[in-house]
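Participant: Here you go, one structure.
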Amino acid sequence: MEILYPNNFAKLFSTMLLVFQLFSDLNHTKDFNRESVSSIVWYQKSAEAKALYLQGYNIAISRLIEIRNNKPSETNLAVVLDIDETILDNSPFQAKLAYSFQNYNNILWSKWTSQKNADLLPGVARFFTVADSLGFEIFLVSNRYDYEQEVTLENLQRFKLPGLNEENIFLRKFESSKKDRRDTILSSYSIELLLGDNLGDFDDVFDTKSLEEREMNVMKNADKFGSKFIIFPNPMYGSWDDLLYKNTESSRSSETKSSMRKEVLKRSN
Ligand SMILES: [Mg+2]
């Protein structure tokens, strides 16, 4: 008997959403997507973005060296990395959305991931080399869907990253929270360092919270940033943007989203 996995539901939902958008939201979507252009240009063209990735990975490498010096013979040390906008650069996909008539959906996303053409971000290769040579087990925990496992692996394998192990890649089966997948790793390893572009990559204390609660929890965990948590810049998308529109009746209207973005801005007189 064929089982209907949530992935199939997700695909069906995305298709329905796509049809809905095409008929009801065309012009607003176009305007809304174009609002992302400056963040994508910054991400792709600013040397500052590259420098921030290098800064993050350099700090991460310093931490690995310190941790290994303190625990010279531990064999169960692990690092956990997110994939998108942490290891791989998907900004060409974001640029395509910005110039198309469609919002993000899983079908468009899968079309991009199946091309296996995402580039490696600055600093990643050196981090893998050092982590592997210092005996850290490298885990990738990503909210790419489970059905993207093969294309994701093939994309990553292009870069011949030391320590990349197919069995250590945990994609999303059901829920978006990464807590359960981190707990699975914790049952055999000590997670020493987590790297990501979204707070949810680090701890469930940041999952599905309001913008205010997330900010509060960042302040509460201030000493972990740069020591256990290494965060990378992503001005293109993320929970910070999704949460702006939470509890909005017309949560799928691009016009509403666009005006809500403007409403939250702190403005001078
Ligand atoms: Mg990410």
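Participant: So residue 93 fits all but one of (1) within 15 Å of the ligand (Cβ to nearest atom); (2) within 28 Å of residue 137 (Cα to Cα); (3) in contact with a helix residue (DSSP H, G or I) (Cβ under 8 Å, 6 or more places away or on another chain); what number is the exception?
Facilitator: The single condition residue 93 does not satisfy is (2).
Participant: If I ask for residues that are away from the ligand (no atom under 16 Å from the Cβ) and either within 19 Å of residue 198 (Cα to Cα) or surrounded by 19 or more Cβ atoms within 10 Å (Cβ to Cβ) (or both), which ones from segment 69-86 would you list?
Facilitator: Once the filter is applied, which keeps residues that are away from the ligand (no atom under 16 Å from the Cβ) and either within 19 Å of residue 198 (Cα to Cα) or surrounded by 19 or more Cβ atoms within 10 Å (Cβ to Cβ) (or both), segment 69-86 yields 77, 78.
Participant: Quick one: how many residues across segment 210-222 are over 24 Å from residue 65 (Cα atoms), out of contact with any strand residue (DSSP E or B) (no Cβ under 9 Å at 6 or more places or on another chain) and free of Cβ contacts under 8 Å to residues at least 24 places away in the same chain?
Facilitator: Of the residues in that region, 7 qualify.
Participant: A follow-up question, please. Of the residues 225, 202, only one is aromatic (Phe, Trp, Tyr), in contact with a strand residue (DSSP E or B) (Cβ under 7 Å, 6 or more places away or on another chain) and within 16 Å of the ligand (Cβ to nearest atom); which?
Facilitator: 202
Participant: Another one. Can you list the strands (runs of 3 or more DSSP E) found entirely within segment 63-177 that contain at least 3 residues being of a type outside the set (Ser, Thr, Tyr), within 24 Å of residue 242 (Cα to Cα) and modelled with pLDDT of 95 or more?
Facilitator: Ranges flagged: 137-145, 169-172.
Participant: Hey, another quick one. Can you go through 188, 210, 100, 114 and tell me which one is farther than 24 Å from residue 33 by Cα, surrounded by fewer than 16 Cβ atoms within 10 Å (Cβ to Cβ) and either within 16 Å of the ligand (Cβ to nearest atom) or among the small types (Gly, Ala, Ser) (or both)?
Facilitator: Unique residue meeting the criteria: 188.
Participant: Answer yes or no as to whether residue 176 is over 22 Å from residue 34 (Cα atoms), loosely packed, with under 14 Cβ neighbours inside 10 Å and within 16 Å of the ligand (Cβ to nearest atom).
Facilitator: The answer is yes for residue 176.
The values are calculated or read from the model by the stated rules, or taken from the named source; none is laboratory data. Since the structure is predicted, the reported quantities are computational estimates derived from the model, not experimental observations. Cβ: placed from backbone, ideal geometry, glycine included. Neighbour counts: every protein chain shown.
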